[in-house]
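First up is the structure itself, then whatever we jot down about it.
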Amino acid sequence: MKTKNQILSIIKKSLALVLIVTFGFTSIIGCETLDDNINDENNTTTKAQLTVIVPSAQIVDCNGVQVLKFASMQDLHSQHLQLYTQYTNGDNDEQVLINFESSLGFLPFNSLRKKDNLIDDLLLPDDPNFSPFIYTTDPIFESFLNYNGEIIIGNYVYIVDDGCVWYKAEYSCDAADALMKLRLLMLDPINPNTNQEIYDIKKNYSVEQINACDNPIFDFESISENGGRPVKDIDVQAKGAGCGHQAFIEQEVISYSLVDNLARYRLTANYISIANNPDNIFDTFTFLDNADRVTIVQSSPLGFPTSGFNYSSSTGTYEGHWVEIEIDIANLNTFQIELASVIAFGEGIGCADLDTLTLDLTCPISISKKPISADTYEFSVTGITDPTDYNLLNNGVTWNFGDGQTQSNTGLSVVHTYAVPCDPKEYLVTASRENFPCGPNSLSINSNSPATVGDPCKFDRGSARYSKRVDGKRVRIKAKHKKNLAGTTKIKFVLRYRKDNVTKEISSNGFIHQVTGNTCSSTSIASKIPVETKTSKKALRVKFKESGVKYKWDAIDPYFVSFNLSNGWSHQLNYSKPCQ
């Protein structure tokens with residue numbers, strides 16, 4: 001039986017060979033004829049009529065696979081703006097992109113856009129599971145990505161996803177191969193061997209995770225829409241990715257000794273998540289400072305072995321759902337831990353969230369939080385092994401939950417339910433008692449990280465796609481709902497069908513929910529996004545945004561998007577996520 005590495009190599013080489021042969025044939029008969037067969041005097045501008053934009057990127061050959069390399073992020077932004085301006089001024093004229101790819105070298109670049117059209121024209125084997133919308137809904141970026149969804153920017157190679165999660169590594173051809181393998185591994189069902197392979201790739205190539213949704217420099221289309229200027233970060237959502245996955249660090253003090261200068265903690269990744277199976281969640285604990293003081297005592301069965309713990313003198317990482325660590329606390333006052341949690345990378349809906357915890361090493365007592373549901377938490381005072389010594393159980397603790405509510409005369413644990421705002425809010429929790437033995441003062445201790453509460457059924461982000469071959473050509477459709485860092489919601493619908501004399505139509509029905517303070521008001525999506533049609537081989541793209549206005553969609557009653565063709569084909573998309 002072939003190994004994953006052998007299968008991966010065969011796939012890469014076969015696809016590269018098919019593309020090389022295809023493109024070689026193209027160079028004989030003329031690029032425009034084979035390149036998507038889109039040249040049509042009524043629908044597409046000819047190459048001679050367009051000013052060909054001089055590419056600032058170059059093609060790099062990595063083990064037989066082409067990857068486009070930009071000198072810098074600014075270089076990519078500038079090139080994107082040039083192509084975006086010409087593309088949109090030409091009513092989504094794909095010839096702009098064909099010209100760009102053809103001008104990159106002797107043979108046209110093996111782009112994601114190219115692969116999609118070759119499959120559409122049956123010049124590559126039909127693959128019902130492939131869609132460029134897994135990687136991006138930005139048509140310009142489709143021409144920048146190779147057929148594996150990879151790109152080189154500056155000194156880094158990236159592999160992308162149309163969701164929120166990207167990965168990058170310092171550029172080398174081996175790293176590019178490793179990132180491609182990482183995508184395939186993360187699409188597999190989780191097992192210890194796969195887990196170890198993922199960890200090895202991340203460790204060996206110093207792979208970094210990027211939350212592309214919350215970093216404005218990666219929203220290339222919005223930057224070009226804004227004249228080449230990144231959208232400024234003016235309204236960062238403090239907690240929660242807005243796509244249905246929220247991660248929290250739950251901590252427990254196991255032991256604490258000033259004599260031995262050792263403190264032992266158990267750290268557990270906890271979630272309010274759209275993921276029903278925790279084995280499909282990838283958790284990474286990062287020790288942000290003094291990681292050389294850490295010894296891993298034990299860890300989750302699906303985590304990585306202690307011998308595989310990767311740390312330097314300043315930072316270290318551990319991948320797994322829980323880990324028990326021992327810290328050398330001599331001359332240390334605090335210790336910071338970050339949890340990065342990822343689901344669904346490689347599926348076009350990748351989602352990530354972060355939580356940060358600061359341990360007070362001068363005092364073993366702290367408040368741990370455990371989410372029970374989207375509005376309910378269990379808070380516990382951890383680190384007191386014999387509560388009767390401090391007369392805590394008899395006289396109780398007074399809790400302040402940060403929402404104006406308090407509860408007195410409780411034990412060391414309490415459950416609290418918050419009123420649910422439409423948009424997530426953070427609450428700092430305090431436990432007070434006269435005779436805590438240590439802490440900021442003898443009266444109270446504060447939670448090391450806030451509790452976050454929001455409507456579990458209303459989301460900032462959603463994505464759905466579908467493809468089907470109809471009358472010899474593939475229909476590719478996608479609906480996407482997202483929020484940028486300026487707090488503005490962007491809604492995008494795309495219908496791609498490269499066939500003559502067919503009218504495309506996109507309409508929507510249902511409700512979107514505008515955020516105002518702690519509440520949401522419902523409005524008909526049809527009143528905001530009218531029906532649009534196009535009779536052309538060109539894609540029909542519908543975009544909507546109102547500057548500074550945030551709209552959510554509701555998982556209980558989601559809006560629907562209808563995609564229709566005049567030949568009788570139709571399909572509806574809606575976003576679907578479980579909510580509590």
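The values are calculated or read from the model by the stated rules, or taken from the named source; none is laboratory data. What you see is a predicted model; the values in this text were computed from it and never measured. With ideal geometry, Cβ positions are generated from the backbone for all residues, glycine too; neighbour counts draw on all protein chains shown. Remember, those area values only see protein heavy atoms, side chains included, never the ligands or the DNA or RNA. Shrake-Rupley method; radii C 1.70, N 1.55, O 1.52, S 1.80 Å.
General observations
- For region 324-374 and region 473-511, distance of Cα centres in Å: 38
- Whether region 105-197 is rounded, prolate or oblate, judged on the alpha carbon gyration tensor where a/c under 1.5 counts as rounded: oblate
- Percent carbon-and-sulfur accessible area, region 52-179, ignoring ligands, DNA and RNA, probe 1.4 Å: 48
- Solvent exposure ordering (accessible area, 1.4 Å, most first) of LEU122, LEU412: LEU122, LEU412
- Exposure check, 1.4 Å probe, all protein chains in place: GLU208 carries approximately 90 Å² of accessible surface.
- Quick note on region 462-580: its Rg to Rh ratio, both from C-alpha atoms and Rh being the Kirkwood radius, is 1.01.
- Here region 156-184 and region 78-123 have alpha carbon centers that stand 22 Å from each other.
- Estimated at the nearest 10 Å², the accessible area of PHE248 is 0 Å² with a 1.4 Å probe.
- Percent accessible area from carbon and sulfur atoms, region 510-564, protein chains only, probe 1.4 Å: 51
- Solvent-accessible ranking of LEU332, LEU187, LEU182, LEU81, largest area first, probe 1.4 Å: LEU187, LEU81, LEU332, LEU182
- Remark: accessible surface ordering of THR417, THR398, THR137 (largest first) is THR417, THR398, THR137, probe radius 1.4 Å.
- In the assembled protein chains, TYR87 presents an accessible area of approximately 10 Å² (probe radius 1.4 Å).
- Normalised by 2.2 N^0.38 Å, where N is the number of residues, the C-alpha radius of gyration of region 539-580 stands at 1.53.
- Among 210-220, 566-576, 318-328, the order from most to least packed when residues are scored by Cβ within 10 Å on average: 318-328, 210-220, 566-576
- Candidate aspartates and glutamates - alpha carbon under 15 Å from LYS370, same-chain residues fewer than 8 apart omitted: GLU250, GLU252, ASP355, GLU378, GLU426
- Pairs exceeding 29 Å between alpha-carbon atoms, taken from LYS490/LYS534; LYS69/LYS577; LYS69/LYS114; LYS478/LYS552; LYS181/LYS458: LYS69/LYS577; LYS181/LYS458.
- Residue-normalised accessible area of region 104-163, expressed per residue, 1.4 Å probe, Å²: 23
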